[in-house]
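In what follows, a single structure is set out as structure tokens and then discussed.
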Amino acid sequence: MSPGGFASGGDVTGVHPAWLPPEAMRPIGARTVSVHGDGLDTVRAEVRQACDRHGGAVVAGGADLVLTLSGVDTGPDGFVVSRDGVVTTVAAEDPAGLLYGLFHVARVGEAAFGAPHPPGTHRPAHGRRMLDHWDNVDVHPVMGQVERGYSGGSLFWDGGALRADLTRVTAYARLLAACGVNAVTVNNVNVHATETLLLTDRLADIATIADLLRPYHIRMHLAVNFAAPVADLGTADPLDARVQAWWATATDGVYAAIPDFGGYVVKADSEGQPGPYGYGRDHADGANALAAALAPHGGVVHWRAFVYDHRQDWRDRTTDRARAAYEHFAPLDGRFLGNVIVQVKHGPIDFQVREPVSPLIAAMPATDVAVEVQVTQEYTGQQRHVCYLAPMWSEVLRTIRTAGPVGVSNAGDDPFWTGHPLAQANLYAFGRLAWAPDLDPREVLDEWIGLTFPGTPDVVGETLHAVMDDSWRTYEDYTAPLGVGFMVRPGHHYGPDVDGYEYTPWGTYHFADRDGVGVDRTCATGTGFTGQYPPVLARLYESVHDCPDELLLFFHHVPYGHVLHDGGTVIQHIYDTHFAGADAVAAMRDRWAALPADLVGPAFAARVADLLDEQVRGAAEWRDQITAYFFRKSGVRDAHGRRIP
Ligand code: GCW
């Protein structure tokens, strides 16, 4: 049977494969399995289904695979796997750990039943591994049902109401558990009027979703509007006792409906959302008011640091959006209550293809910090372009130890879950890197391939690696030279527009003129942003000679003839990478076309092929606009004499 025929993520008809289709459970289901312990309903149901399908049996003792709750010392969610020659044993100290252990066996496959090995312990690097959905309850007139969503509608909401059929929420929960995610928000951080009511009048809706997530050990969090108390009190001043009491009462109500509720996510004083500045208070005052209400219940506040001036004057060269998060938050270190987590975008600006790591992450030693990455591909091809993001996230997550990553989800009600079928790998990789940041992105991709297309010939994996491994750098090649970002069409952010944002209030990103390009963010002559880094990095970025090439134009304004570490000039690099990037995309399309469609299922193969056509078109447009723009600015010809329009 070809994988295209599988229902995925459980038995959901019409949905095309994601990881863990029933066939991927064969290593478990074809054996005898015994399960020991209480609170293991989900584990038992998974095992029973797998055995029903693959001919194995659930037995009381004497099994090939023993799954047991016992006193092993793994910590929450951890598990221990051992094999003594004939029996593979997975032991965990809590039911979540045993579920993760079961999915681990599915991932490892037959190898879990091979040579004997001593107990190996698996523990997540982070206790909380969270996905945020930017889903609107009402269809927003500009942003639609899902803000920056490229996968159809919301899995949870449909035109103002909770979906009538929530079958796919259960399937989604299963997929998330199988990659390690254990916390989810189901509404947009831009909390509009209807969504504000989720906290109060429409609590039953989120309680219903929480009930579906719970069997897979996923806790519900909610994005809330800082101004929610205004409707009742006329104020949301976080230091006003009535406001604090309002949050305490509302939060008690939430926990009465959802006893294991995780907490709140807040976007405040950002892009028009209300916040503490409106009352002359700061972000610690704001976050602490909500944190105090959650603390008695064990909940947390994720308070976003994405605060900047989106009404700046492009003529003013001292304002630098990159500086903003640090300026607003670093001085507050030490003032947040213990259950506040400051949620920081991985780069200082906004999920661009290439940014340095945000200096704020290292600047708050006394505060829990979560790093936020964008799984939904707003700035990385909008799930029309292949862009496997694990290599980018891995660079950040493996070097920085924080409270736990947060990803903006890319899933929706699309039959492939993620619009572009290959974008499923980003969702999977987010969960795996949140669990184990040191994993090699190529191995993570191998896992996704193995779980999505179990038992297929090697050519499937080879093709997927060829198309995906370097796709992030390829996307960078044709869109964002040497750290320049935001050359996108304003509003929807798809496709090239070099000056689209250059003279707008949202920030200025390339400063190209006839002599040179790049943003001078040095302390010596620029905006001083480099000074926000710890000394070693500050020195590295401050020096035009030492700054890594890929970030050169993020930190420096240089002449077009400036020579890079590889000996080429900036302008020639811009030409070369754009031609090479567009060529690489054409090669990706050819490679995909050579894969027999039935190996991945005809629908899957066709959707990827269609989207690769669009990526080839899009990459050529990027190449032509960027090379033409910089040729016209600089007057420097391409050393290889290629055609620049
Ligand atoms: O990059 C921007 C997006 C907005 C988003 C914002 C944020 C939810 O364009 O759509 O709003 O980031 O992260 O809050």
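Tabulated results
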| quantity | calculated |
| --- | --- |
| Any hit, region 335-347, residues being surrounded by fewer than 21 Cβ atoms within 10 Å (Cβ to Cβ) and either within 16 Å of the ligand (Cβ to nearest atom) or not in a loop (DSSP other than H, G, I, E, B) (or both) | no |
| Subset of region 289-303 (residues that are surrounded by 24 or more Cβ atoms within 10 Å (Cβ to Cβ) and either at pLDDT below 95 or farther than 30 Å from P215 by Cβ (or both)) | A289 |
| Hey, V406 under 20 Å from G347 (Cβ atoms) and modelled with pLDDT of 95 or more or not | yes |
| Matching entry among T522, T508 (being assigned to a loop (DSSP other than H, G, I, E, B), crowded, with 16+ Cβ neighbours inside 10 Å, among the β-branched types (V, I, T) and at pLDDT below 95) | T508 |
| Helices (runs of 4 or more DSSP H) within region 378-469 that include 1 or more residues over 23 Å from V357 (Cα atoms) and hydroxyl-bearing (S, T, Y) | 441-452, 458-468 |
| Filter result (buried (at least 21 other Cβ atoms within 10 Å of the Cβ) and under 28 Å from W417 (Cα atoms)) within region 616-645 | G618, A619, W622 |
| Some residue of region 174-185 being among the hydrophobic types (A, V, I, L, M, F, W, C), under 26 Å from K345 (Cα atoms), touching a His at 6+ places or on another chain (Cβ under 9 Å) and in a helix (DSSP H, G or I) | yes |
| Criterion: in contact (Cβ under 8 Å) with a residue 40 or more places away in the chain, among the charged types (D, E, K, R) and in contact with a Phe, Trp or Tyr (Cβ under 9 Å, 6 or more places away or on another chain) - qualifying residue of R83, R31 | R31 |
| Candidate set: region 370-396, residues that are farther than 25 Å from A619 by Cβ and either modelled with pLDDT of 95 or more or outside the structural domain of N182 (by TED's automatic domain parsing) (or both); chosen: the one surrounded by the most Cβ atoms within 10 Å (Cβ to Cβ) | V371 |
| Tally, over region 565-615, of residues that are among the charged types (D, E, K, R), without any contact (Cβ under 8 Å) to a residue 12 or more places away in the chain and loosely packed, with under 14 Cβ neighbours inside 10 Å | 2 |
| Residue satisfying all of: in region 253-263; in contact (Cβ under 8 Å) with a residue 24 or more places away in the chain and surrounded by fewer than 19 Cβ atoms within 10 Å (Cβ to Cβ); farthest from E195 (Cα to Cα) among these | D260 |
| Candidates Q382, Q374, Q352 - the one that is within 16 Å of the ligand (Cβ to nearest atom) and on the phi > 0 side of the Ramachandran plot | Q382 |
| 2 or more residues among the aromatic types (F, W, Y): qualifying helices (runs of 4 or more DSSP H) within region 527-637 | 552-555, 570-593, 602-634 |
| Check on V189, more than 30 Å from D77 (Cα to Cα), in contact with a strand residue (DSSP E or B) (Cβ under 9 Å, 6 or more places away or on another chain), within 16 Å of the ligand (Cβ to nearest atom) and not charged (D, E, K, R) | no |
| Which listed residue, of T456, T479, T504, is within 16 Å of the ligand (Cβ to nearest atom), more than 25 Å from the chain's Cα centre (by Cα) and of a type in the set (S, T, N, Q) | T504 |
| Out of A236, A210, sole residue that is in a helix (DSSP H, G or I), crowded, with 20+ Cβ neighbours inside 10 Å and small (G, A, S) | A210 |
| In region 13-66, the residues that are part of a loop (DSSP other than H, G, I, E, B), buried (at least 17 other Cβ atoms within 10 Å of the Cβ) and among the β-branched types (V, I, T) | V15 |
| Selection status of P365, closer than 27 Å to M487 by Cβ and not in a helix (DSSP H, G or I) | no |
| Near pairs, Cβ below 9 angstrom, 6+ apart or cross-chain, from region 536-550 (within 13 Å of V563 (Cα to Cα)) to any residue that is in a loop (DSSP other than H, G, I, E, B) and β-branched (V, I, T) | V544/T522 |
| Region 304-334: number of residues that are at pLDDT below 95, surrounded by fewer than 16 Cβ atoms within 10 Å (Cβ to Cβ) and either within 13 Å of the ligand (Cβ to nearest atom) or outside any loop (DSSP other than H, G, I, E, B) (or both) | 1 |
| Boolean, A423 is more than 25 Å from D77 (Cα to Cα) and within 16 Å of the ligand (Cβ to nearest atom) | no |
| Pair list, Cβ under 8 Å, 6 or more apart: region 133-146 residue assigned by TED's automatic domain parsing to the domain that holds V266 and modelled with pLDDT under 95, other residue within 11 Å of the ligand (Cβ to nearest atom) and hydrophobic (A, V, I, L, M, F, W, C) | none |
| Total residues in region 264-302, condition part of a strand (DSSP E or B) and over 20 Å from A193 (Cα atoms) | 3 |
| Top-ranked residue of region 143-169 - restricted to ones that are in contact with a Gly (Cβ under 7 Å, 6 or more places away or on another chain) and away from the ligand (no atom under 16 Å from the Cβ), ranked as farthest from Q383 (Cα to Cα) | L155 |
| Considering residues of region 95-132 that are assigned to a loop (DSSP other than H, G, I, E, B), in contact (Cβ under 8 Å) with a residue 40 or more places away in the chain and not hydrophobic (A, V, I, L, M, F, W, C) only, the residue surrounded by the most Cβ atoms within 10 Å (Cβ to Cβ) | R129 |
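The values are calculated or read from the model by the stated rules, or taken from the named source; none is laboratory data. The model shown is predicted, which means the values in this text are computed figures rather than measured ones. Reconstructed Cβ throughout: ideal geometry from the backbone, glycine too, with neighbour counts over all protein chains shown.
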